[in-house]
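Asks: Following this message is one structure expressed as structure tokens.
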Amino acid sequence: MTANVETTTKPPVPPFTDESAVQKVRLAENAWNSRDPEVVALAYSIDSVWRNRSVFVTGRAQIVEFLSGKWNHEHEYRLIKELWAHSDDRIAVRFAYEYQDDSRQWFRAYGNENWLFDEDGLMTHRHASINDVPIDESERKFFWDRNAPRPAEHPSLSDLGL
């Protein structure tokens with residue numbers, strides 16, 4: 001399946017409850033941790049609009065291109081997302097991820113995202129503000145098999161004091 005294939009629905013769909021908003025956030029986290037741009041792009045509408053830091057992206061093809069470039073330079077990527085707030089069709093999350101760049105420097109990126117969904121549960125808008133902080137390898141906090149989703153027993157951002 002390619003990122004340009006229309007997805008009918010991506011449950012859970014609006015209106016979001018506390019439970020379904022938490023589920024939507026965890027599904028997004030799992031998809032991003034797959035580091036598969038094609039999989040991630042399917043959560044977004046065909047014409048989804050992003051602001052990621054100072055980069056503006058429109059549509060699934062550009063999402064795939066952006067994420068492919070991102071993950072070619074962010075090695076050992078591991079992400080944790082946490083629900084901040086939600087309404088019927090909007091979700092706000094805070095997140096942190098750790099990665100190592102091409103020079104082998106470790107970073108922890110901290111950020112917030114605002115999401116807007118259509119009636120099919122596809123994200124039509126994503127606004128992300130992100131800051132990277134260099135860390136020593138000894139300061140890393142995200143440890144799980146990077147080829148699998150974060151285990152349920154792994155601490156959340158709040159549990160880790162982040």
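Asks: Is region 115-122 home to any residue that is farther than 18 Å from R35 by Cα, surrounded by fewer than 16 Cβ atoms within 10 Å (Cβ to Cβ) and of a type in the set (F, W, Y)?
Replies: no
Asks: Return a yes/no flag: does region 128-146 have any residue that is closer than 24 Å to A41 by Cα, touching a residue at least 60 places away in the same chain (Cβ under 8 Å) and of a type in the set (A, V, I, L, M).
Replies: For region 128-146, residues closer than 24 Å to A41 by Cα, touching a residue at least 60 places away in the same chain (Cβ under 8 Å) and of a type in the set (A, V, I, L, M): present.
Asks: Which residue, of L83, L116, L162, L67, is part of a loop (DSSP other than H, G, I, E, B), touching a residue at least 12 places away in the same chain (Cβ under 8 Å) and of a type in the set (A, V, I, L, M, F, W, C)?
Replies: None of the other options fit; the residue is L162.
Asks: Give me a count of the residues in region 6-25 that are crowded, with 16+ Cβ neighbours inside 10 Å and within 19 Å of N114 (Cβ to Cβ). Steps first, answer last, please.
Replies: We begin by selecting, within region 6-25, every residue crowded, with 16+ Cβ neighbours inside 10 Å; these are 7, 10, 12-14, 16, 20-22, 24-25.
Then keep just the ones that are within 19 Å of N114 (Cβ to Cβ); that gives 10, 12-14, 16, 20-22, 24-25.
Matching residues across region 6-25 total 10.
Asks: I'm trying to understand the selection: among the residues of region 131-162, which are loosely packed, with under 14 Cβ neighbours inside 10 Å and acidic (D, E)?
Replies: The answer is D136, E137, E139, D145, E153, D159.
Asks: With the structure loaded, tell me whether P155 is under 25 Å from F16 (Cα atoms), in contact with a Lys or Arg (Cβ under 9 Å, 6 or more places away or on another chain) and assigned to a loop (DSSP other than H, G, I, E, B) or whether it fails that test. First the steps, then the outcome.
Replies: Working: under 25 Å from F16 (Cα atoms): yes; in contact with a Lys or Arg (Cβ under 9 Å, 6 or more places away or on another chain): yes; assigned to a loop (DSSP other than H, G, I, E, B): yes.
Judged against the criteria, P155 is a match.
Asks: Oh, and also: Conditions first: (1) closer than 19 Å to L27 by Cβ; (2) touching a residue at least 60 places away in the same chain (Cβ under 8 Å); (3) of a type in the set (D, E); (4) assigned to a strand (DSSP E or B). E76 passes all but one, so which condition is the exception?
Replies: E76 satisfies all of (1) closer than 19 Å to L27 by Cβ; (2) touching a residue at least 60 places away in the same chain (Cβ under 8 Å); (3) of a type in the set (D, E); (4) assigned to a strand (DSSP E or B) except (1).
Asks: With the checklist (1) under 12 Å from the mean Cα position of the chain (by Cα); (2) touching a residue at least 24 places away in the same chain (Cβ under 8 Å) in hand, flag the one item A92 doesn't pass.
Replies: (2)
Asks: Then there is this: Would you be able to say whether some residue in region 96-106 is closer than 23 Å to G59 by Cβ, part of a strand (DSSP E or B), touching a residue at least 60 places away in the same chain (Cβ under 8 Å) and within 14 Å of the chain's Cα centre (by Cα)?
Replies: Checked against the condition, which is being closer than 23 Å to G59 by Cβ, part of a strand (DSSP E or B), touching a residue at least 60 places away in the same chain (Cβ under 8 Å) and within 14 Å of the chain's Cα centre (by Cα), region 96-106 yields no hits at all.
Asks: Moving on to the next point. So which pairs qualify, if the first residue must be in region 28-51 and under 19 Å from H75 (Cβ atoms) and touching a residue at least 12 places away in the same chain (Cβ under 8 Å), the second must be part of a strand (DSSP E or B) and of a type outside the set (K, R), the Cβ gap must be under 7 Å, and the two must be at least 6 apart or on different chains?
Replies: Sorted first by the residue in region 28-51, then by its partner, the pairs are E29/L79; E29/I80; W32/L79; N33/L79; R35/Y77.
Asks: Can you work out which of the residues in region 24-54 that are assigned to a loop (DSSP other than H, G, I, E, B) and hydrophobic (A, V, I, L, M, F, W, C) is farthest from the chain's Cα centre (by Cα)?
Replies: Looking at residues that are assigned to a loop (DSSP other than H, G, I, E, B) and hydrophobic (A, V, I, L, M, F, W, C), I get L42.
Bear in mind these aren't lab numbers, they're just calculated from the coordinates by the rules spelled out. What you see is a predicted model; the values in this text were computed from it and never measured. Quick reminder, even Gly has a Cβ in these numbers, built from the backbone with ideal geometry, and neighbours come from all protein chains shown.
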